[in-house]
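Written below as structure tokens is the structure these notes are about.
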Amino acid sequence: MEPSLANIPVIEFRDVAYTLPNGQGLIEGVNLKAQRGETLVLLGRSGSGKTTTLKLVNRLLTPSGGEVRVNGVPTTEGDVIRLRRSIGYVIQDVGLFPHFTVERNIGLVPRIEGWTAERIYSRVEELLQMVSLETNLASRYPHQLSGGQRQRVGVARALAADPAILLMDEPFGALDALTRNQLQREFLSLQQRLNKTVVFVTHDLREALRLGSRIALMEAGKLVAVLPPEDFLRSSDPLAAAYVQAFTDGTESVANRGVS
Ligand SMILES: Nc1ncnc2c1ncn2[C@@H]1O[C@H](COP(=O)(O)OP(=O)(O)O)[C@@H](O)[C@H]1O
Ligand SMILES: [Mg+2]
């Protein structure tokens, strides 16, 4: 068969290591593929190497060993600016510019790419609707928004130039449970329409099960297992089982209350 872009993983890690200048290894031996249109979740406790792994995709970090390929091309080859513009990035506290309006924040990349003011304006309007925000919020500043609204703006900004890849680093982690639930639901319906290749970082099994087409479990800088949600739930891997047990303990303790 002809090799074509369709057969190449959108993101591929080949035996990737990342080591700090002082010699401390943050991740090691990571092999991972993300296929077009899937939501690959990186699940692991705090400090397990999830953010480091994510930053290797858009070359905020470069591997100390092995290589990371995006559409078949190692991230160390080619233009890093172009690479970053083809990848949307959403982080927990969003990183909106506080002195820019919502409209300017969302229009950041289109402006850099030289779009006309008119085109930027209509794109911002479209994006606000896409993330379920009133278009009259465009003239507000980040501090005039709720946490949930700010995260939506962060998602809109990441989608502005229609990148094929979206990296999301605990984007809903700081939100209250109800708002988080709503944003998860909206993410699912948005992803159904947009079909991006998403790498989504979380430490929350419930979120991983709900959003992930596959779950990549990390521990101490290593990839432990990569499983679809239904397999994760009955995995014999001790760490995966521990996650499921912790999750079940939480729901059972509530169910048993008042019984004993
Ligand atoms: N620049 C750095 N200098 C020193 N330690 C770091 C640096 N970046 C990350 N670490 C450490 O590496 C480990 C993995 O970090 P990280 O990838 O951010 O984990 P996670 O996102 O899973 O919480 C953590 O112990 C973290 O403290
Ligand atoms: Mg992190």
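The values are calculated or read from the model by the stated rules, or taken from the named source; none is laboratory data. Keep in mind that this is a model prediction, so the values were computed, not measured. With ideal geometry, Cβ positions are generated from the backbone for all residues, glycine too; neighbour counts draw on all protein chains shown. Ligands, DNA and RNA are excluded from the accessible area calculation, which covers all protein heavy atoms including side chains. Shrake-Rupley method; radii C 1.70, N 1.55, O 1.52, S 1.80 Å.
Potential lengthening of the chain between A164 and Q144 amounts to 4.2 nm, from the contour at 0.36 nm per residue minus the alpha-carbon distance. Dipole of the chain computed with +1 at Lys/Arg Cβ and -1 at Asp/Glu Cβ about the Cα centre; of P9, M130, F247, farthest Cα towards the positive end is M130.
What does the extension gain come out to for N256 and S122, with contour length at 0.36 nm per residue minus their alpha carbon separation?
On the way: separation 134, 0.36 × 134 = 48.24 nm, distance 5.29 nm.
Between N256 and S122, full extension yields 43.0 nm more.
Here, the range 218-260 is characterised by an Rg to Rh ratio of 1.13, where Rg is the alpha-carbon radius of gyration and Rh the Kirkwood radius.
Take peptides 206-215, 178-187 and line them up by average Cβ neighbours within 10 Å, highest first, as a rough protection proxy. Kindly include the intermediate steps, with their values, before the conclusion.
Numbers: 206-215: 20.2, 178-187: 16.3.
Result, highest mean first: 206-215, 178-187.
Computed from label points 7 Å out along Cα-Cβ, the spacing between I112 and R206 is 3.6 nm.
Normalised per residue, the accessible area of the chain is 51 Å², obtained with a 1.4 Å probe and no contribution from ligands, DNA or RNA. In a fully extended conformation the segment linking Q192 and E134 would gain 18.7 nm over its present Cα-Cα distance, using 0.36 nm per residue. Between D249 and R45, the modelled label-to-label distance comes to 1.1 nm, taking each label 7 Å out from Cα in the direction of the beta carbon. Using the alpha-carbon centroid of each, what span in Å lies between the range 123-154 and the range 178-197? First find each Cα centre; the distance between them is then 16 Å.
Note down the accessible area of E38, probe 1.4 Å, to the nearest 10 Å². For E38, solvent-accessible area is about 20 Å².
Could you state the orientation-averaged shadow area of the convex hull built on the Cα atoms of the chain, in nm² to one decimal? It would help to have the intermediate numbers written out before the result.
Details: hull surface 69.8 nm².
Mean projected area for the chain: 17.4 nm², to one decimal.
Calculation over all alpha carbon pairs of the range 87-162 in 10 angstrom steps from 0 returns a P(r) of 22, 61, 17, 0 percent. In this Cβ point-charge picture (+1 for Lys and Arg, -1 for Asp and Glu), the chain has a dipole of about 380 debye about its Cα centre. Rolling a 1.4 Å probe over the protein heavy atoms of the range 87-162, with every protein chain left in place, gives an accessible area that is 47 percent carbon and sulfur. Model label sites at T19 and A177, defined 7 Å from Cα along the beta-carbon direction, differ in position by 4.5 nm.
Ignoring ligands, DNA and RNA, what percent of the 1.4 Å accessible area of the range 1-74 is carbon and sulfur? Show your work: numbers first, answer last.
Numbers: 1720 of 3570 Å².
Taking all protein chains in place, the range 1-74 shows 48 percent carbon and sulfur surface.
Mind checking Rg over Rh on the range 161-260, alpha carbons, Kirkwood formula for Rh? Let's see the in-between values first.
Details: Rg = 15.4 Å, Rh = 15.2 Å.
Here Rg/Rh amounts to 1.01.
Taken along its principal axes, the alpha carbon cloud of the range 96-212 reaches lengths of 42, 30, 20 Å, longest axis first.
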